[in-house]
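Here, each number is a calculation from the coordinates, and none is a lab measurement. The model shown is predicted, which means the values in this text are computed figures rather than measured ones. Cβ coordinates were reconstructed from backbone atoms using ideal geometry, including for glycine residues, and neighbour counts include every protein chain displayed.
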Amino acid sequence: MNKLTLKFFNSQLELQYQNEKIGRLRKPVFYVFMTLGLILNVSKVLIDLGKLQLSYQYINYILIALAVVLILISVKWPLYIRYTLMIANISSSLLQLNFPENTKSQMYYSYGSNFMEFQACAYFVSDFLDSVVQVICHTIIKLIITIQTTQHVDPQDVLMGIGAAVMIVIVIYICDANARKEFLSKICENVLDRQLSELIKLPFFQVTYCQRLLQFNFLNGKDLLEFPNYDEELCDGCNVRNLLRQYKIEGQELQEFLIKNQEGSVKIAISKHKFNLRVVNLGIDHINKIVILDSQQSKNISLNQSIKKPIKIYIQQTSQKNNQLFFNWGIISLLLVNDNKIQELSLFKILSRFNNKFSKYSKIKFHLKGDETLSISSYSNLIRIYLIQIYQIITHFYESQEIKNNKSQTKPKTFLITMIIYKECDSIILQLPLTINPMFFISKYSNNFFIRQIEQKILNSPLTSDLKIYFNTSLPFK
C-alpha cells in the first residue's frame, strides 16, 4: 500500500476494495445524499415561488439539474459513484450564495453547520485523495465567496479555514488507512479459512462462538471421521457440538475450555480412547478456534517404569565411553522420537554442549559463532534428536576424509570447522560448515530415519544445497 496515496500496489486488490466499499457504504450514502439534496432544493424553489423571491433560484436550478445528471451516471456506471459523489459534494458549497443579505446570523450559522455535517459524511465515505480534493475545493470556494460578498479579508477566518482543512485531512488519512488495513485483514482471514485444509495435515475442525445463541458453530474441517465418537448420521455442526460436550479435560468439558480462551495441547480420555488435541485461538478476540487431533501424540511410545529405570541406569553407567555415548544417544532418540513436549530453549547453548561432546570424542574441533541470546519455543527433545543426527553426519563425513588423508600422510589431521547461528525473518538459521560436500550430506540427511520423522515439525523449509537449516520460531499446526 502506498503510504502517501493509500492505494494498493496490486490493481486487482484496489478494484476489489473499491467494489466492496461502493456496495457496503458509498452507494447508500450517495443516494441518500442526492435524495435529500433534491428534496431540499425543490422545496426551496417552491417556497421562494410562493414568496415571489426569485433572485437566488438559479443556484437551486443548477443543483437540481446536476443531481439528476449525476444520478443517471451513477445508475449506468456504478463504479463512477466515487466521482459523482465528489462532484455533488463540491457543488454543495455553492449553497453559500443561496441566502439573501437580510438572513439572520444565527440562521446563517445553523444552515452552515448542517451543510458541513453533510459534507463531512461524504468525506469519510470517499477515498483519501478524493476527500482531499473536496476539502481543498470547499475551503477555497468558501473563502472566495466570503471575501467577495463582504469585500473584506479576515486573517483569522482564513487561518481557521486552512487549519480546519489540515486537521480534517489528517483525520481522514488515519481513518482511510485503518479501513484499508481492516479490508486486508479480512482478505487474509478468508484466504486462511480456504487454505486451512492444505496447511493442517492432521484431522481438525474450526468453530466460532456465537454470543447470541451461546453455542459454537461449525465453520470447516478435515477428516472429521477420525475424531472418536463422531456420528455419521448427524450433520457436522451437531457432531462438533456433541464432541465439545463429550470430550473432557480433567472433568471440564472441552467447550468450557474453549470459552475461557485457553489453548495448547490437552489430553482427552473418552470411553476406550486416549488421545491428544491441540487447541489454537485465531484473531485478537479469539472467537474462532481450531481443534486439531494430534495423532502423533496419541501414538507416543509408552514404556513401563520397570523398563525405563534399568535403561536410565545403563545409560548413566556407560556414557563415559566413546562409542557407547553415541549408542546411548541412539537409544534416547528411539525413546523420544514421538515426545512432543514443548519448551523454550537456547539453541546456542545446546549447540555449544554438542560441540564440546563431539570435539571430545573425535578429531573434529567444532566452533560456533552467532547470537548467544537466540531462543526458540518448540519441541525440545525433537530438536535435540535432530541435532544429534546432524552432528553424526558431519562427523561421518570428516572421518571419511581422515581415512583418505591417512593413506597419504603419516600424521593424523585435526579438522577445525565453524558453524554460524543467526536470525532472519521468522526463522533461526544454522549455517553448517561450507567445507562439507553438499551431495554427501544431503544423501545421508534424506535417508536418516529420525530426520524424516522430525524435520517437518521443527523446520520452516527442507534442507537445500546451501546447507542452511531454518528452525521455525513458532509452533506449526502440523
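From Leu97, Leu143, grab the single residue that is without any contact (Cβ under 8 Å) to a residue 24 or more places away in the chain and either touching a Leu at 6+ places or on another chain (Cβ under 7 Å) or surrounded by 12 or more Cβ atoms within 10 Å (Cβ to Cβ) (or both).
Leu143
How many residues does the range 244-259 hold that are loosely packed, with under 15 Cβ neighbours inside 10 Å and either closer than 13 Å to Ile292 by Cα or out of contact with any strand residue (DSSP E or B) (no Cβ under 9 Å at 6 or more places or on another chain) (or both)?
3
If you scan the range 419-467, which residues turn out to be without any contact (Cβ under 8 Å) to a residue 60 or more places away in the chain, in a strand (DSSP E or B) and surrounded by 12 or more Cβ atoms within 10 Å (Cβ to Cβ)?
Hits for the range 419-467 are Ile420, Tyr422, Lys423, Ser427, Ile429, Gln431, Leu459.
Filter the range 422-447 for residues that are farther than 11 Å from Phe397 by Cα and among the aromatic types (Phe, Trp, Tyr) and give the result.
Result: Tyr422, Tyr445.
Within the range 362-374, work out how many residues are of a type in the set (Ser, Thr, Tyr) and surrounded by 14 or more Cβ atoms within 10 Å (Cβ to Cβ).
Adding up the residues that qualify gives 1.
Scan the range 212-230 residue by residue and report those that are among the charged types (D, E, K, R) and either under 16 Å from Leu293 (Cβ atoms) or within 26 Å of the chain's Cα centre (by Cα) (or both).
Once the filter is applied, which keeps residues that are among the charged types (D, E, K, R) and either under 16 Å from Leu293 (Cβ atoms) or within 26 Å of the chain's Cα centre (by Cα) (or both), the range 212-230 yields Lys222, Asp223, Glu226.
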